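Where a number appears in this text, it was derived from the coordinates with a stated rule and is not lab data. None of the values given here were measured: they were computed from a predicted structure. All Cβ positions, glycine included, derive from the backbone under ideal geometry; neighbour counts span all protein chains shown.
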Amino acid sequence: MAAITMEHLVKKYDDGFPAVNDISIDVADGEFLILVGPSGCGKSTLLRMVVGLEDITSGDLSINGVRVNDKQPRDRNLSMVFQNYALYPHLSVYENIAFPLRLSKGQFSEEEIDRKVREAADTLDLNEHLERKPANLSGGQRQRVAMGRAIVRDADAFLFDEPLSNLDAKLRGQMRTEIAQLQRRMGITSLYVTHDQTEAMTLGDRVAVLKRGQLQQIASPRELYEQPVNLFVAGFIGAPSMNFIPARVNGSVFHTPIGDIEIPERVQGKLTNAPEIVLLGLRPERFEDAKFVDETKIPHGTVFDSGFTHTEWLGNQQYGYIHYQQDAAVQHKLNELAQELDADGMPAQVVVSLDASSRIRGGSTAKIWLDSRKMHVFNPETGENLTRDAEAGAELTREANEERKNEIERARRRDSARADQAGTAGTSPAGGAEHDGGAGSSAAR
Amino acid sequence: MLSTKQKIGWTVISIAVLVYALFPVLSILMTSFKSSSDLNSGKFIPTKFVTSNYEQIFVGEAKDLFLPALWNSIGISLISTFVAVVLATLCAYAIARLDFPGKKIVLTTALMVSMFPVVSIVTPLFNLWRQVGLYDTWLGLIIPYLSLTLPISIWTLAAFFQQIPWDLDRAAQVDGATTWQAFRKVIVPLTLPGVFTTAIIAFFIAWNDFVYGIGLTSTAAARPVPAALAFFTGASQFEAPAGAISAAAIIVTIPVVLLVLAFQRQIVSGLTQGAVKG
């Protein structure tokens, strides 16, 4: 159990390049914080600074209020799961998990070690593999062993360095769920580095978005999604990503290459300092085939005609692509943004989400409806989000915090209930799982 | 898969190489079983297999020359191998893992030392050793042998250490290990194949040395086998000692073969498999 405080952390390499530049983050006790960003943004470096594998050039790092800048990794009592697992190949799974315990000489008796290792193995379903060597395990099993080594000792916090990036997609989803449940059950402070935004959105209580060593925004996933502070965060979070369309303000409408869009009331008051040309941030799901929109909803947005170049049907949904003529004034800025986001370039196209049963096909022209209530307007030069509502954003993060507390509470109650039951009746694991589900749903009600 | 033609080709080449490499050994083996009158017979296989040559070096008149030399060779080679490997392991670990000033100098110096011609050093060393009292002692040979075995050990081991993923050190440190514990419990076990390979190479270098052996010794106190062989004489001055020398040569080959066989199991590749992904 620990709170981790980073104050103005800086990491400069010998050549003067600041990999991490003035980052301050408070990680609350029991919180699951995600560090996310494109490659080279300094997220892994920051994690290594926290665990002690990288020196801190300046700034303060404290764990539970104690400054640990100059402490060795072994004295910080953190455990870490490496991207490549870093299992000890000459040791069996059992010994791999027991390794941290054996290092703290004299602290644990042989029985204690055995009990703890078996407990961890139980949690991670590794019981059948304890005597095997890492070389004979599958990717998912190795991942579990690495996790076992992290949870076996009572570390103050878990650090994960892209732990799932080496697994195939299916296994990744499964392990993601397991990590989430494990963290909730143990209620232990966790720092998790990833470049995968699905992981960021699903696992994190809060997500810190980094760009070139600088913190862009730290907030709950919902706040990041709905109230991004700037172009970078808006473009990074969400898949398919937000559409950025150049627009000129013309009375009460935005004049854009795809058609005129009425300026919603919410936005109007915030355009006083706006430059002549702005970027509209429109998420694909704010669009819809006009035929599928409820009559009553239509007035909340704008309907316009669009020519589709092609559509993609995915079963549960459909994406349509609309090309337009890019405005030379913003081309440069958009290219820069694409580079920052690790993309090859930002094509002049709008991705819209359509109902799966929509008959719009490539080459056709159709009416589409845009729900403009939640649009964002960005200043193309500074990248700043002109329409961000900080209060609404903070409210979203506060809600997320509360939900997390309740969730941990529920998980604990469930655990203790299971322990009681196991104590009285000695239920089988399967029985426990059933009970587990029942308690969870009743608590949710 | 190889085609039949390729298979035949490879077989022919392999046999040619084997014959080229093993024929001299076989020839020496045959000579060692020849009686002295048989030496100049011009035949490959002895007309009669005799063990008199072996008797001569183990219990006969060459005994006092050969047995102490064998003992010296084994002792000196083992000690210099051991010292070289221990020092080289520490040195190579530092070179592979740490960033310290003078790292390049250590490596280039090691390379230069190993390239320095032995013959040019042996005479000055002979004078120096006589004055400091190291002449004709074990230590007097171990030190120059270290100058031969250390550089190559450092270079070989550094290459092995560099193959071990850094994250293993880091993981061990996060798990609570000191640098020394990480080295001893994680890195050394993983480098064992490299350590054994290096040990064998170092042992060969020390075992095969002739120049230092003959230049820095004068008696059975420290003279190693390669030097001792030069002092073998026939039963009379008209008799060549080729038989006894061959027998001794066969005997000194045995430890080397045993060493390789013993360590062969340790030199398994792919020991680090499964440590990291990709």
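With both labels modelled 7 Å from their Cα along Cα-to-Cβ, the A:LEU314 to A:LYS71 distance reads 4.4 nm.
Placing dummy labels 7 Å off each Cα toward the beta-carbon, the span from A:LYS105 to A:ASP420 is 4.5 nm. When both bridge partners sit in the protein assembly as shown, DSSP labels roughly 75% of those beta bridges antiparallel. Under 19 Å between alpha carbons, and skipping anything fewer than 8 positions from A:LYS116 in its own chain: which lysines qualify? Excluding near neighbours in sequence, the set is A:LYS105. The local environment of A:PRO18, defined by Cβ-Cβ distances under 11 Å, has a net charge of +1 under the rule Lys, Arg +1 and Asp, Glu -1.
Among B:THR47, B:THR219, rank each residue by its count of other Cβ atoms within 10 Å, from fewest to most, as a rough exposure measure.
Numbers: B:THR47 11, B:THR219 8.
Starting with the residue having the fewest Cβ neighbours, the order is B:THR219, B:THR47.
Under the convention that each Lys and Arg Cβ holds +1 and each Asp and Glu Cβ holds -1, the size of the dipole of the protein assembly as shown around its Cα centre is about 2200 debye. Of all lysines in the structure, those lying under 25 Å Cα to Cα from B:LYS104, and not within fewer than 8 positions of it along the same chain, are A:LYS12. Each Lys and Arg contributes +1 and each Asp and Glu -1, all at the Cβ; summed about the Cα centre of segment A:288-327, the dipole is approximately 40 debye. If R0 equals 30 Å, the separation of the Cβ atoms of A:GLN325 and A:TYR13 corresponds to a calculated FRET efficiency of about 0.10.
Treating only the Cβ of Lys, Arg, Asp and Glu as charged (+1, +1, -1, -1), what charge dipole size does segment A:207-359 show about its Cα centre? Round to the nearest 20 debye. Display every interim value, and only then the final one.
Numbers: 12 positive and 19 negative charges, 67 e Å.
Rounded to the nearest 20 debye, it is 320 debye.
Using Cβ counts within 10 Å as a stand-in for footprinting exposure, how do A:ARG212, A:ARG206 rank, fewest first? Walk me through the numbers on the way to the answer.
Numbers: A:ARG212 17, A:ARG206 22.
With the sparsest Cβ surroundings first, the list reads A:ARG212, A:ARG206.
First check a/c for chain B, with a ≥ b ≥ c the square roots of the eigenvalues of its C-alpha gyration tensor; if it is under 1.5, answer rounded, and if not, answer prolate when a/b is larger than b/c or oblate otherwise. Judged from the Cα gyration tensor, chain B comes out oblate (a/c at least 1.5, b/c at or above a/b).
Starting with the fewest neighbours, write out A:ASP125, A:ASP344, B:ASP175, A:ASP196 ranked by other beta-carbon atoms found within 10 Å of each beta-carbon.
A:ASP344, A:ASP125, A:ASP196, B:ASP175
Out of segment A:285-350, which GluC sites (Glu not before Pro) are coil in DSSP terms and have no more than 14 other C-beta atoms within 10 Å? Each step should come with its number before you reach the end.
Values: sites: A:GLU285, A:GLU288, A:GLU295, A:GLU312, A:GLU336, A:GLU340; in loops: A:GLU295.
Qualifying residues, ordered by number: A:GLU295.
In terms of the Cα gyration tensor, with a ≥ b ≥ c the square roots of its eigenvalues, is segment A:241-388 rounded because a/c is under 1.5, prolate because a/b exceeds b/c, or oblate? Don't jump to the answer; show the numbers that get you there.
On the way: a/c = 1.94, a/b = 1.26, b/c = 1.53.
Because a/c hits 1.5 or more and a/b fails to exceed b/c, segment A:241-388 counts as oblate.
Suppose only helical runs count, i.e. DSSP H with n ≥ 4. What mean residue ellipticity at 222 nm does that imply for the protein assembly as shown under -39500 (n - 2.57) per run, divided by all residues and rounded to the nearest 500 deg cm²/dmol?
Details: 24 runs with 345 residues, N = 723.
Calculated at 222 nm, the ellipticity per residue is -15500 deg cm²/dmol.
For B:LYS104 and A:THR382, a Förster radius of 56 Å and the Cβ-Cβ distance give a FRET efficiency of 0.75, rounded to the nearest 0.05. If you wrap the tightest convex hull around every Cα atom of segment A:4-225 and split its volume per residue, you get 127 Å³. What FRET efficiency do you get for B:SER14 and A:HIS332 if R0 is 56 Å and r is their Cβ-Cβ distance, rounded to the nearest 0.05? That pair, B:SER14 with A:HIS332, gives E of 0.30. Give the lysines whose C-alpha is closer than 28 Å to that of A:LYS374, dropping any in the same chain fewer than 8 places away, or say none. Qualifying lysines at Cα under 28 Å: A:LYS211, A:LYS270, A:LYS291, A:LYS297, A:LYS333.
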